[in-house]
């Protein structure tokens, strides 16, 4: 997460970023894990799957607070999970959508990790093409 925020801080003056909170990846009532490896508090993150917009807002706000997250965060509507359905973004993906609303890049996780070097190259190409 820290690497993503580092990229955000480098490129946010050139590119609009949005973090879209979708389904809870490891909801304790569906697929619990006890790992705390990514948690800034070093405690396991324990949330049930969100089923209402209010629940999802609460979890998103906790995420923003706990990770000191600076990027704009929006949430996928719980009734439809439309972003998740259209983009198959679970558990985590990075997309680049251009100013004409075309998908120009989709990062694929490898063993639950995202390789960000390709993303950096893509962002640099976008910036150069807009100069």
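Calculated from DSSP H runs of 4 or more alone, at -39500 (n - 2.57) each and per residue, what is the 222 nm mean residue ellipticity of the chain, nearest 500? The helix contribution divided over the chain gives -10000 deg cm²/dmol. For the chain, relative contact order (Cα pairs under 8 Å, six or more residues apart, normalised by length) works out to 22 percent.
Could you compute the FRET efficiency for residue 100 and residue 68, with r as their C-beta to C-beta distance and R0 at 30 Å, rounded to 0.05?
So the FRET efficiency works out to roughly 0.35.
Relative to one another, the C-alpha centroids of region 57-71 and region 81-131 are positioned 21 Å apart. Based on the convex hull around the alpha carbon atoms, region 2-129 presents an average projected area of 8.3 nm². Our estimate of slack between residue 116 and residue 42, defined as 0.36 nm per intervening residue step minus the Cα-Cα distance, is 24.2 nm.
Just so you know, all these numbers are worked out from the coordinates, no wet-lab data involved. No experiment lies behind these values; they were computed from the predicted model shown. Every residue, glycine among them, receives a Cβ derived from its backbone with ideal geometry; neighbour counts consider all protein chains shown.
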